[in-house]
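Notes follow once the structure below has been shown.
The values are calculated or read from the model by the stated rules, or taken from the named source; none is laboratory data. Model, not experiment: these values are computed from the prediction. Surface areas here come from the heavy atoms of the whole protein model, side chains and all, with no ligands, DNA or RNA. Shrake-Rupley method; radii C 1.70, N 1.55, O 1.52, S 1.80 Å.
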Amino acid sequence: ITGTIASGKSLCSKILKEHGFDVFDSDSYAKSCYDINHPAYKKIVDLFGEQILDSNNNVIHKKVADIIFKDASYKSKLESIIHPFVKEEIIKQSYKDPFICEIPLLYEVGWDSLFDYVLLITSDKDIAIDRCINLRGYSKQEAINRINNQKDVNYKIERANYVLYNNKTIDDFRKQVLTWIKDMGIK
């Protein structure tokens, strides 16, 4: 499962989980890389320095984000630390049948070849901007910047096996997800 920002990827995963499917959340796993016991932790601290730590040696995510936004080279360095761990975990988990993975930046990281099938969730740009503002607390400009930071939706649509458009109500989207499950024949 992949898609554009604020399109409903996590909602799709939630619906799938409600119907008994296990969904691996790559973003949640990436966040676990900041945990003090994760092997990536030391590398992250080495990259940014102890200035990103609180008094309990936990990473303060806002400090990391502030550094990345001031100097974009840190973003790619951080990704070079975290992405191999995420990819390794995806491969470890892929023995499951069906293996369903929510990976928002699938095309941006170039991991689409790891999967047999891609479900793309998308919504109109103005709806995504409104969701970013109302649900995530972004300013309009922050929302636009995040949308513009992703690969073009048409690029993603051309490469996906199935596309769900989440432009209406949650109930409408739920029906689309359930139709997709039925069309796929997954149990």
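Worth a mention:
- Element breakdown for the chain at a 1.4 angstrom probe: carbon and sulfur atoms account for 49% of the accessible area.
- Amide hydrogen proximity for Phe24: with H placed 1.01 Å from N in the peptide plane, the residues at 5 or more positions away or on another chain lying under 5 Å are Ile100, Cys101, Glu102.
- Per residue value of the accessible surface for the range 58-143 (all protein chains in place, 1.4 Å probe), Å²: 59 Å²
- Under 14 Å from Lys151, Cα to Cα: aspartates and glutamates that are on another chain or at least 8 residues apart: Glu108, Asp112
- Within the chain, helix-based [θ] at 222 nm, where runs of 4 or more DSSP H residues each add -39,500 (n - 2.57), nearest 500: -17000 deg cm²/dmol
- The DSSP beta bridges internal to the chain are antiparallel in roughly 10% of cases.
- Computed over the chain with a Gaussian network model linking Cα atoms closer than 10 Å, the most mobile of Asp27, Asp46, Asp97 is Asp46.
- Cross-link pairs Lys9/Lys75; Lys140/Lys168; Lys31/Lys182 - those with Cα-Cα distance over 28 Å: Lys31/Lys182
- The chain: most fluctuating residue of Val109, Val177, Val118 per GNM, C-alpha cutoff 10 Å: Val109
- Candidate aspartates and glutamates - alpha carbon under 12 Å from Lys96, same-chain residues fewer than 8 apart omitted: Asp22
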